[in-house]
Amino acid sequence: MNIAQSYLLRLQRKRWKIRAFRKRRELRSVQDRTGAIRPGNILLFATFRNEDIRLPYFFDYYRKLGVDHFLLVDNDSSDGGGDYAANQPDVSLWSTDAGYGNARFGIDWLTYLQSRYADGHWALTVDVDEFFVYPFCDTRPLAALGDWLDASEVRSFGTIMLDMYPKERVSTAVYERGTDPFAMANWFDAGNHMISRNKRLRNLWIQGGPRARAFFADRPAKAPALNKIPFVKWSKRYTYVSSTHMILPRGLNLVYDQQGGEKTSGVLLHAKFINIFGDRAAQEAARAEHYQKGNEYRRYTQDDPILWSEWSHQYVNWRQLEGLGLMSKGNWA
């Protein structure tokens with residue numbers, strides 16, 4: 001990349017930072033416990049809307065991994081999820097009724113909060129239906145991963161997102177509030193992934209999985225991206241570009257080994273395909289607040305699908321994912 005292109009990327013990053021600062025006006029503080037944040041704390045950032053059914057397990061899962069404080073934005077929920085989150089002792093909550101799409105799909109709101117509270121912290125940015133899996137996550141907390149990455153002078157940690165689904169129709173995975181969604185939606189695609197490299201930003205672009213074959217079979221190049229960089233040693237200078245798929249400065253996107261080796265990496269288990277999926281897809285298609293004005297969700301509003309195939313794998317643990325080549329412990333022993 002030449003000097004002019006590097007300058008344009010720096011300029012774009014500054015513009016997005018200014019945009020996020022202006023978007024702070026759309027946020028209303030509901031419960032501010034950020035005074036409890038201490039140096040070295042692991043922070044989690046997320047936006048949500050009408051996710052009361054998911055929130056109890058989400059909090060439980062990430063507390064067990066070692067998240068110290070949750071900084072959340074409630075985008076106009078009407079199901080009581082905002083009240084539930086506000087009453088959690090380790091949550092700081094903001095609310096907004098502003099447009100999700102006009103905030104770069106929530107990234108502007110989170111960029112402002114990350115700039116204000118996450119500088120110098122390891123920050124995890126996920127959706128409430130995404131569950132972070134990394135090497136040794138069954139025995140080592142997130143702080144241990146952060147300490148090892150610090151010692152290795154690594155500032156960002158990459159994952160692939162795995163869409164999880166039941167063996168029967170999606171509607172058969174009847175989810176009860178507070179339970180583990182992967183007790184019922186515990187199958188995934190292991191091998192049908194397309195990978196390319198974004199030369200401008202240096203990130204990998206990964207597509208495939210059940211959404212590509214079931215909903216985008218006619219246009220696989222339009223399938224959702226599965227590459228994510230959710231765990232970052234945050235700095236006020238940083239900003240995500242598109243969800244957590246890409247980040248600036250662009251050096252943070254080098255979460256893979258350019259020489260053909262393996263860097264330590266993880267997986268985000270995606271609990272999208274449970275029985276509430278159909279209704280949510282219809283709602284989001286109508287709201288048109290997501291990417292391409294909800295076009296992805298319009299594709300999801302077909303008949304109740306069966307995503308399982310004879311090539312599906314049933315989830316066991318992170319070691320299974322490493323054995324399938326979906327993540328790597330690299331040289332973290």
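Derivation of every value follows stated rules applied to the coordinates shown; laboratory data play no part. Bear in mind that the values here come from a model prediction, so they are computed numbers and not experimental data. Cβ placement follows ideal geometry from the backbone for every residue including glycine, while neighbour counts extend to all protein chains displayed.
Note the full-extension length gain between D138 and K167 as 0.36 nm times their separation in residues minus their Cα-Cα distance, in nm to one decimal.
This chain segment gains 7.9 nm when fully extended.
Let me have the relative contact order for region 157-276, percent, based on Cα pairs under 8 Å that are six or more residues apart. Don't skip to the end; give the middle numbers.
Details: 213 pairs, mean separation 48.6, N = 120.
Reported relative contact order: 40 percent.
I need to check one value: relative contact order of the chain, counting alpha carbon pairs closer than 8 Å and at least 6 residues apart, in percent.
It rounds to 22 percent for the chain.
Below 10 angstrom from the Cβ of L149, what's the summed charge of the other residues (Lys, Arg +1; Asp, Glu -1)? If you can, show how the numbers build up before the last one.
On the way: positive: R155, K233; negative: D147, D150, E153.
With Lys, Arg at +1 and Asp, Glu at -1, the neighbours total -1.
Looking at the chain, send over the antiparallel percent of its DSSP beta bridges, to the nearest 5.
If we restrict to bridges inside the chain, about 55 percent are antiparallel.
Give me the Å³ per residue figure for the convex hull around the C-alpha atoms of region 213-261.
Residue-normalised Cα hull volume stands at 118 Å³.
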